[in-house]
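Asker: Take a look at the following structure, please.
The values are calculated or read from the model by the stated rules, or taken from the named source; none is laboratory data. Since we're looking at a predicted model, the values are computed, not measured. Here the Cβ positions follow ideal geometry from the backbone for every residue, glycine too, while neighbour counts run over all protein chains shown. Ligands, DNA and RNA are stripped out before the accessible areas are found, and what is left, the full protein with its side chains, is counted by its heavy atoms. Shrake-Rupley method; radii C 1.70, N 1.55, O 1.52, S 1.80 Å.
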Amino acid sequence: MPHYEFFCHACKKLFSKTLSLADYEKGRVVCPHCGSKKVEQRWSAFTVITSKKSA
Ligand SMILES: [Zn+2]
């Protein structure tokens, strides 16, 4: 499953989650630290490098 990285605007913490595409599209991402839905997706360098290698 794809691995996503997020930043929480409520508590200013970064976290990562492994989500199915269905869960991701439903917007069910909440911060594991404070439970806020004010999260923004971040693309990690690791993800970019991995996708380039496989392309
Ligand atoms: Zn939070």
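Asker: For the stretch 1-27: of the residues being within 16 Å of the ligand (Cβ to nearest atom) and of a type outside the set (A, V, I, L, M, F, W, C), which is modelled with the lowest pLDDT?
Answerer: So the residue we want is 27.
Asker: Tell me which residues, restricted to the stretch 1-23, are surrounded by 16 or more Cβ atoms within 10 Å (Cβ to Cβ) and among the hydroxyl-bearing types (Ser, Thr, Tyr).
Answerer: Residue satisfying the conditions is 4 alone.
Asker: State all residues of the stretch 28-48 that are modelled with pLDDT under 75 and open to solvent by 100 Å² or more (accessible area, probe 1.4 Å); if no residue qualifies, say none.
Answerer: If the condition is that a residue be modelled with pLDDT under 75 and open to solvent by 100 Å² or more (accessible area, probe 1.4 Å), then 43, 46 are the ones that fit.
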